[in-house]
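First comes the structure, then the notes that go with it.
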Amino acid sequence: MAKDALVSEDMANKFATEKETPYTRWIRDEGLDIIPALYVRNLRTVPLKPWARRGGNAVFVNHDASRTSNDSYVMEIPAGKSLAPHRQLYEEMILVLEGRGSTTVWNDAGKKISFEWQAGSLFAIPLNTLHQHFNGSGQQPARYIGVTNAPPIINLYEDLDFVFNSKHDFPNRFSGEPDYFSNKGEQKGLLLETNFVADAVSLPLISAKERGAGGGHIRFNMAKGSMNSHISQFPVGTYKKGHAHGPGAYVIILSGEGYSLMWPEGEEPKRYEWEVGTLIVPPNMWFHQHFNTGTTPARYLAFKHEVVSIRNAQGVPKAWISRRLGGDQIDYADESELVRTMFAESLAKNGLSPRMESAYETELADLPPR
């Protein structure tokens with residue numbers, strides 16, 4: 001049974017003036033588009049428009065289900081050019097999709113540092129710091145995706161001059177430390193506290209059997225922000241457990257090929273093919289599941305806001321906990337037969353076979369009773 005909760009045009013018109021927000025008006029007034037999608041096949045080729053404020057080309061990608069917590073945008077820096085200096089009273093995390101270059105960050109106290117980046121680099125902009133991105137190539141454009149918590153900030157203040165032109169340093173976030181953007185960090189369990197990852201595609205991960213398939217995982221806290229992110233990887237011939245969580249996870253494929261299934265509870269799954277550069281944004285509490293059908297390990301980066309992580313009393317995300325225990329993760333033993341049939345058929349097209357037997361057996365050893 002469909003659960004889109006669509007109503008008549010007459011009823012919808014009664015709420016039409018409430019659909020637009022200060023945030024959506026700001027993007028419109030900047031002359032930019034919002035792609036209201038939960039899936040973009042390739043961020044590296046999505047069309048862009050000039051963004052005068054920043055001096056590059058951009059498009060926003062976010063759908064209604066996540067737009068109240070965070071957003072994403074794709075930015076291109078023309079060959080041999082730089083973006084305009086910029087500051088903002090909201091957080092931002094960046095993944096470089098293509099190209100190479102550098103970024104300079106400084107505060108009102110006069111502390112300034114610069115660092116270089118390349119395709120696959122991951123970093124965060126410290127809150128309200130002035131910053132400027134430079135393309136290091138005179139021949140090719142550079143492109144990145146940024147995920148921010150701009151929507152609630154712009155909607156709260158509805159004052160663009162305050163959001164973009166406030167002179168205030170947050171020294172606990174950034175005070176000009178010379179090694180601020182060095183490729184280092186402190187590992188605390190699954191959490192890596194760092195401000196810069198030189199290459200997210202090759203970063204070593206930590207075993208995370210709880211998500212199934214013998215995969216690796218690492219979580220990030222960057223620039224001491226409230227947003228967070230994680231990288232997951234799973235081997236050839238395997239797939240992750242289906243799970244659900246809150247809105248605003250922007251999943252970007254870093255390596256491999258395969259597909260994802262997404263569905264609201266009670267409906268049939270829809271399939272979304274992916275490759276390096278694909279973006280998947282699961283709507284609020286939709287189940288989703290990722291499948292590796294290629295010949296190499298598959299890895300993705302998920303940018304997200306803390307609102308995504310619905311946690312239990314112990315602080316564990318419920319997306320990591322079996323539904324048999326009241327969590328939001330589907331055990332392999334409880335998944336639809338369609339899942340395994342579709343996966344085997346998809347692998348066969350590439351001359352491969354599932355390698356899931358050990359994952360199924362390992363789960364049975366600790367499977368909670370129904």
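Given contacts defined as C-alpha pairs under 8 Å and at least six residues apart, what's the relative contact order of the range 6-136, whole-number percent?
Details: 216 pairs, mean separation 26.5, N = 131.
Contact order relative to length: 20 percent.
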- Taking the highest mean first, how do the peptides 25-38, 281-294 order by number of other beta carbon atoms within 10 angstrom per residue? 281-294, 25-38
- Note on the structure: Expressed as a percent, the accessible surface of the chain that is carbon or sulfur, using a 1.4 Å probe and the full set of protein chains, is 52 percent
- Item | Projected area, mean over directions - the range 203-365, Cα convex hull, nm² | 9.5 nm²
- The computed P(r) of the range 162-235 puts the percent of Cα pairs beyond 19 Å at 46 percent
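Tell me whether the range 20-165 comes out rounded, prolate or oblate; compute the Cα gyration tensor, take square roots of the eigenvalues as a ≥ b ≥ c, and use a/c under 1.5 as the rounded threshold. Display every interim value, and only then the final one.
Working: a/c = 1.75, a/b = 1.15, b/c = 1.52.
Oblate.
Work out, in µm²/s and without decimals, the Stokes-Einstein translational diffusion coefficient of the range 133-259 at 10 °C, 1.306 mPa s, Rh from Kirkwood over C-alpha pairs.
Numbers: Rh = 17.9 Å.
Stokes-Einstein gives a translational diffusion coefficient of 89 µm²/s.
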- Message: If I take R0 = 41 Å and measure r between the Cβ atoms of Arg355 and Thr104 in this structure, what FRET efficiency does the formula 1/(1 + (r/R0)^6) give, to the nearest 0.05?
- Response: 0.30
- Task: Give me the lysines in straight-line cross-link reach of Lys209: C-alpha distance below 17 Å, same-chain residues under 8 apart excluded.
- Result: Lys240, Lys241, Lys318
- Calculated from DSSP H runs of 4 or more alone, at -39500 (n - 2.57) each and per residue, what is the 222 nm mean residue ellipticity of the chain, nearest 500? -3500 deg cm²/dmol
- Query: Which of the following values of volume of the Cα convex hull per residue in Å³ was calculated from the structure shown: (i) 154; (ii) 218; (iii) 121?
  - Reply: (i)
- Exposure ranking of Leu279, Leu364, Leu352 by accessible area [1.4 Å probe, largest first]: Leu364, Leu352, Leu279
- List the aspartates and glutamates whose Cα lies under 16 Å from the Cα of Lys112, skipping any in the same chain that are fewer than 8 positions away. Asp169, Glu177, Asp179
- Quick one: compute the contact order of the chain, relative version, from alpha carbon pairs under 8 angstrom and 6+ residues apart, as a percent. 15 percent
- Query: What FRET efficiency would be calculated for the residue pair Lys49, Ile206, taking the C-beta separation as r and a Förster radius of 41 Å, to the nearest 0.05?
  - Reply: 0.55
- Query: In whole Å, how far is the Cα centre of the range 254-307 from that of the range 308-338?
  - Reply: 17 Å
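The values are calculated or read from the model by the stated rules, or taken from the named source; none is laboratory data. For clarity, every value in this text was computed on a predicted model and none was experimentally measured. Here Cβ is always computed from backbone atoms with ideal geometry, including for glycine, and neighbour counts include all displayed protein chains. Accessible surface is based on the protein model in full, side chains and every heavy atom, while ligands, DNA and RNA are left aside. Shrake-Rupley method; radii C 1.70, N 1.55, O 1.52, S 1.80 Å.
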